[in-house]
Amino acid sequence: MRAVILAEFPRGLTIERDYDVSVPDLRGDKEQLIQALLNIVRNAAEALRERIQQGDARIELRTRVARKITIAKRLCKLALDLHIVDNGPGIPEDIRDRIFYPLVSGREDGSGLGLTLAQTFVQQHEGTIEVESRPGHTEFQILLPLSC
Ligand SMILES: Nc1ncnc2c1ncn2[C@@H]1O[C@H](COP(=O)(O)OP(=O)(O)OP(=O)(O)O)[C@@H](O)[C@H]1O
Ligand SMILES: [Mg+2]
């Protein structure tokens with residue numbers, strides 16, 4: 001997934017990995033989960049257009065293990081806690097509350113389906129997806145149950 005995005009944005013973008021190697025294997029639909037992440041990371045890269053030109057665009061992919069955590073009202077013993085962080089301009093304020101809805105886009109050529117699909121795929125794995133955004137820092141958090 002990281003390689004795909006770096007091939008699409010070959011210059012000016014750094015994608016840093018901060019992976020917890022102790023995360024247990026997750027059973028799921030690999031294609032769906034890759035697609036969900038691609039949509040989120042691609043959005044970040046698209047939002048970073050200006051910083052890519054300046055050469056200081058940055059996306060961080062961070063994984064952690066979460067223990068005893070409530071995900072979608074279910075208490076889980078173990079979960080994957082995944083963060084996708086970018087240093088772009090932030091999600092436009094007027095659509096911030098609605099970005100997961102279909103057809104909501106802040107881009108002229110956007111279809112507004114990428115995040116809807118990402119959320120659907122994460123929910124099919126009984127996970128959740130949330131976002132926090134301000135200028136210079138947008139952070140998506142995906143929680144996926146490993147054992148509940
Ligand atoms: N990391 C981000 N930084 C800033 N804005 C973002 C970020 N991620 C999403 N957005 C905003 O949320 C909108 C919705 O994203 P979504 O992926 O659902 O649709 P889209 O990218 O416009 O179209 P597509 O269906 O081609 O993905 C984007 O158009 C963009 O305005
Ligand atoms: Mg998109």
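Where a number appears in this text, it was derived from the coordinates with a stated rule and is not lab data. Given the structure is predicted, the values throughout are model-derived calculations rather than measurements. Using ideal geometry, Cβ is built from the backbone for each residue, glycine included, and neighbour counts are taken over all protein chains shown.
Report, in deg cm²/dmol and to the nearest 500, the calculated mean residue ellipticity at 222 nm for the chain, where each DSSP H run with n ≥ 4 adds -39500 (n - 2.57) and the sum is divided by the residue count. That comes out to -8500 deg cm²/dmol. Rounded to the nearest Hz, the phi-derived 3J(HN,Hα) couplings of the stretch 77-92 under the Karplus curve 6.51 cos²θ - 1.76 cosθ + 1.60 (θ = phi - 60°) are 6, 9, 8, 8, 10, 10, 10, 10, 10, 10, 9, x, x, x, 6, x, where x marks glycine and proline. Angle, helix 114-124 long axis vs. longest principal axis of the chain, Cα atoms, 0 to 90°, nearest 10? Compared with the principal axis, the helix lies near 10 degrees. Mind pulling the angle between the C-alpha long axis of helix 30-47 and the longest principal axis of the chain? Nearest 10 degrees, somewhere in 0 to 90. Relative to the chain, helix 30-47 is tipped by roughly 30 degrees. Here the Karplus curve 6.51 cos²θ - 1.76 cosθ + 1.60, taken at θ = phi - 60°, turns the phi angles of the stretch 68-76 into couplings of 6, 10, 8, 10, 6, 6, 10, 7, 10 Hz, with x standing for Gly and Pro. The ranking of 120, 138, 70, 128 from fewest to most other beta carbons within 10 Å of each one's beta carbon is 70, 120, 128, 138. The loop-placed trypsin sites (Lys or Arg not before Pro) in the stretch 1-89, going by DSSP, that have at most 14 neighbouring Cβ atoms within 10 Å of their Cβ come out as 11, 27, 73.
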